[in-house]
């Protein structure tokens, strides 16, 4: 993702990235809790983690079709490569219940780009020698800040309905990842 030329607005409480963060804080907490159950130092735990991520990420990345989105870098191929390097097949992606609006896709992209930050922390927990291309796909320096600036510019003149659509897209993204990591889904995938 390249946002190097984005102008950064003065941060304020009404910025879109802050609205998305506040509106999805509980969902974000639940996703963090769901994925913290995986033991990334154990091969089976790491495979289960990658498989859950693959089901959600594949569906989310397929949903990002709006031409108004900024350039972004898909990570599903990296995830597939990590699974294959461990001798596992990539699971079929989950499905979104309905196509997302353009503003919904903005919210979903917020979830995907934000997840790169947590991935950097998780990458340090993986056993030496295991593939980690997916979790190591960090933002280049300044890219997260530039993405937030892009979000805020996109939402600057948006009305309440547009903003609600972006929030709904972010909620759908967090729900997708939480569902993919649920014990029932993991059990049925075995």
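The values are calculated or read from the model by the stated rules, or taken from the named source; none is laboratory data. All values derive from a computational prediction rather than experimental measurement. Note that we place each Cβ from the backbone using ideal geometry, even for glycine, and neighbour counts take in every protein chain shown.
Of note:
- Of the residues 32, 14, the single one that is surrounded by fewer than 16 Cβ atoms within 10 Å (Cβ to Cβ) and assigned to a loop (DSSP other than H, G, I, E, B) is 14.
- Per the listing 98, 88, the residue uniquely part of a loop (DSSP other than H, G, I, E, B) and surrounded by 15 or more Cβ atoms within 10 Å (Cβ to Cβ) is 88.
- Subset of the stretch 26-66 that is without any contact (Cβ under 8 Å) to a residue 12 or more places away in the chain and more than 19 Å from residue 121 (Cα to Cα) - its residue that is farthest from the chain's Cα centre (by Cα): 44
- Flag for residue 59 being part of a helix (DSSP H, G or I), over 19 Å from residue 38 (Cα atoms) and out of contact with any helix residue (DSSP H, G or I) (no Cβ under 8 Å at 6 or more places or on another chain): no
- Filter result (more than 11 Å from the chain's Cα centre (by Cα) and surrounded by fewer than 16 Cβ atoms within 10 Å (Cβ to Cβ)) within the stretch 102-120: 120
- Within the stretch 121-190, helices (runs of 4 or more DSSP H) holding 3 or more residues that are modelled with pLDDT of 90 or more and surrounded by fewer than 21 Cβ atoms within 10 Å (Cβ to Cβ): 143-155, 160-180
- Residues satisfying the criterion are present in the stretch 69-78 (criterion: at pLDDT 95 or above, surrounded by fewer than 17 Cβ atoms within 10 Å (Cβ to Cβ) and not in a helix (DSSP H, G or I)).
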